[in-house]
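Structure, as structure tokens:
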Amino acid sequence: MGALRVAAMTRTHAIQALGLGALLLCAPGCLSGARNLGAATTPVGTTEVGVSVNAIAFERGRERAYLPNPELTFRKGAGENWDWGGRLTLLGLELGTRHRLIERSPWTVSVAPSAGAWFVPVTNNSTEPVNFRLGAQTLVDYRLNPTWTLTGGASLMGTFAGPLTVFQGRFNGAHLLASPGGSLGVAYRMSPSLELRAEGGLELPLDLKDGRRPLAGYVGLTLRWGRANAR
């Protein structure tokens with residue numbers, strides 16, 4: 001009975017944290033998005049495919065605007081303790097790997113480096129539409145039971161953001177950003193091959209030349225299913 005009460009309280013705290021992430025969307029900033037990853041790696045011989053809807057906030061003139069950002073994701077088990085995959089959105093592509101460092105029930109710890117390219121015509125009044133991002137995320141899973149899992153994440157992303165003239169070799173107006181961030185997610189295992197995951201988080205972009213930028217927040221929801229690869 002006590003364990004059920006603790007699990008219920010933990011789920012309540014997770015929902016409250018996700019609500020806080022939604023409120024952070026009120027702060028304009030650089031493009032961000034939920035990665036919707038847990039620490040558990042995809043088993044060898046299995047491919048996972050997901051459909052996500054993320055919400056992002058951006059500046060439009062002097063007002064805030066909001067945009068749903070659908071994406072397709074995939075992960076493929078490559079080894080006993082690692083997998084690889086990516087996500088394709090309307091605005092860009094990100095690829096990366098995930099490496100499991102610790103697995104001691106009920107905890108799993110992984111690190112997930114990634115690199116991506118994005119076209120962001122809606123942020124920062126359209127002055128920095130070209131974004132290249134490189135960084136890593138540390139993920140920690142806590143399994144409440146076989147059905148529910150909480151995931152905490154800490155990330156550090158480096159971003160090159162510039163105008164379209166960078167393709168002509170002109171870098172005036174380009175900026176380098178370092179963005180530490182954190183996230184909290186909750187996953188519900190609907191069946192052995194089907195998972196629903198919600199995630200909310202924030203990033204604090206720091207311009208290496210001009211200093212701090214507005215805090216950015218995001219929320220996301222992913223339905224992911226897996227299947228064994230044909231032999």
Would you point out which residue out of Leu101, Leu88 is open to solvent by 70 Å² or more (accessible area, probe 1.4 Å), at pLDDT 95 or above and not basic (Lys, Arg)?
-> Leu101
Meets criteria (open to solvent by 50 Å² or more (accessible area, probe 1.4 Å) and either modelled with pLDDT of 95 or more or farther than 24 Å from Leu95 by Cα (or both)) for Leu196 | yes
Pro205 within 17 Å of Val130 (Cβ to Cβ) and either among the acidic types (Asp, Glu) or touching a strand residue (DSSP E or B) at 6+ places or on another chain (Cβ under 6 Å) (or both) = yes
If we keep only residues of the stretch 48-71 that are surrounded by fewer than 18 Cβ atoms within 10 Å (Cβ to Cβ) and at pLDDT 95 or above, then the residue farthest from Tyr218 (Cα to Cα) is Val49
Looking only at the stretch 131-185, count how many residues are under 15 Å from Ser110 (Cα atoms), without any contact (Cβ under 8 Å) to a residue 40 or more places away in the chain and crowded, with 20+ Cβ neighbours inside 10 Å.
-> 0
Residue in the stretch 199-230 that is least open to solvent (accessible area, probe 1.4 Å), counting only those that are touching a residue at least 24 places away in the same chain (Cβ under 8 Å) and within 20 Å of Gly77 (Cβ to Cβ) | Thr222
Answer residue from the stretch 207-225, given it is touching a Pro at 6+ places or on another chain (Cβ under 8 Å) and assigned to a strand (DSSP E or B) and is modelled with the lowest pLDDT among those | Ala216
Go through the stretch 152-188 and give me each residue that's of a type outside the set (Gly, Ala, Ser) and under 19 Å from the mean Cα position of the chain (by Cα).
-> Leu156, Met157, Thr159, Phe160, Leu177, Pro180, Leu184, Val186, Tyr188
Please verify whether the stretch 26-36 includes one or more residues that are among the hydrophobic types (A, V, I, L, M, F, W, C) and either assigned to a strand (DSSP E or B) or at pLDDT 60 or above (or both).
-> yes
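If I ask for residues that are of a type outside the set (D, E, K, R), modelled with pLDDT under 95 and either touching an Asp or Glu at 6+ places or on another chain (Cβ under 9 Å) or in a loop (DSSP other than H, G, I, E, B) (or both), which ones from the stretch 160-180 would you list?
Ala161, Gly162, Pro163, Gly169, Phe171, Asn172, Gly173, Ala174, His175, Leu176, Leu177, Ser179
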Where Glu128 falls short, out of the listed (1) surrounded by 19 or more Cβ atoms within 10 Å (Cβ to Cβ); (2) in a strand (DSSP E or B) | (2)
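The values are calculated or read from the model by the stated rules, or taken from the named source; none is laboratory data. As the structure is a prediction and not an experimental result, all values here were calculated from the model. Cβ sites come from the backbone with ideal geometry, for glycine too, and all protein chains shown count toward neighbours. The area values use the complete protein model at the heavy-atom level, side chains included, leaving out ligands, DNA and RNA. Shrake-Rupley method; radii C 1.70, N 1.55, O 1.52, S 1.80 Å.
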